[in-house]
Amino acid sequence: MTLPEEAKLLRIFVGESDKHDGRLLYELIVEKARQDGLAGATVYRGILGFGANSRIHTDKILRLSEDLPMVVEIVDSEEKINAFLPWLDGVIAEGLVTLEKAQVIHYRHNKVKNSSA
C-alpha cells in the first residue's frame with residue numbers, strides 16, 4: 001500500500017466510555033477503518049483533558065475518572081478519509097473530529113511472509 005505525499009490526518013476525540021450500539025466507540029472506529037482499507041489507525045489514551053462541558057477527566061489516583069479522553073488518528077488519502085466521514089458522523093454522538101493536511105515523509109511496512117515452511 002502506498003500513500004500520496006500529500007495526505008489527510010483525521011483526528012477523533014471521544015470519551016473512553018463512549019459507546020455506539022453497545023460497543024466502545026474508539027474500538028469500533030479502528031475496526032471500521034481496517035475494514036474500509038485505510039492505511040492505519042492509532043488510539044491514544046489521554047491522562048488529562050476536558051471537553052465541551054468543561055468537566056476535568058484525569059487519571060490521577062485521587063480523582064480517578066472512568067471517562068478519560070481518547071484520540072483516534074488516521075492518516076490516508078483525502079479520498080479515503082472523505083469516504084469514511086459519513087459513517088463516522090453517524091456513530092459519534094458527542095466528541096470532536098478534526099481534519100488537516102499531512103505531509104507523508106515515510107510509509108513503510110513489511111509484507112507478511114508466508115511462514116508455512
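Summary of values
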quantity: Sorted by Cβ neighbour density within 10 Å, fewest at the top, the residues 21, 76; calculated: 21, 76
quantity: Added length on full extension, which subtracts the Cα-Cα distance from 0.36 nm per residue, residue 100 to residue 11; calculated: 31.2 nm
quantity: Sequence of 77, 17 once ranked by neighbouring C-beta atoms within 10 Å, starting from the fewest; calculated: 17, 77
quantity: Förster radius 30 Å - calculated FRET efficiency between residue 108 and residue 45 (Cβ-Cβ, nearest 0.05); calculated: 0.70
quantity: Only Lys, Arg (+1) and Asp, Glu (-1) charged, at Cβ; region 6-103 dipole about Cα centre in debye; calculated: 280 debye
quantity: Ascending count of other beta-carbon atoms within 10 Å, so fewest first, for 98, 2; calculated: 2, 98
quantity: Lysine pair count for region 6-103 [Cα-Cα under 22 Å; pairs on different chains or 8 or more apart]; calculated: 7
quantity: Residue (of 28, 82, 46) at the positive-pole extreme of region 6-103, dipole from beta-carbon charges; calculated: 46
quantity: Per residue Cα convex hull volume in Å³ - calculated over region 6-103; calculated: 98 Å³
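Each value in this text was obtained by applying a stated rule to the coordinates, not by laboratory testing. Everything numeric in this text was worked out from a predicted model, so none of it was measured. Methodologically, a virtual Cβ is constructed for each residue, glycine included, from the backbone with ideal geometry; neighbour enumeration extends over all protein chains shown.
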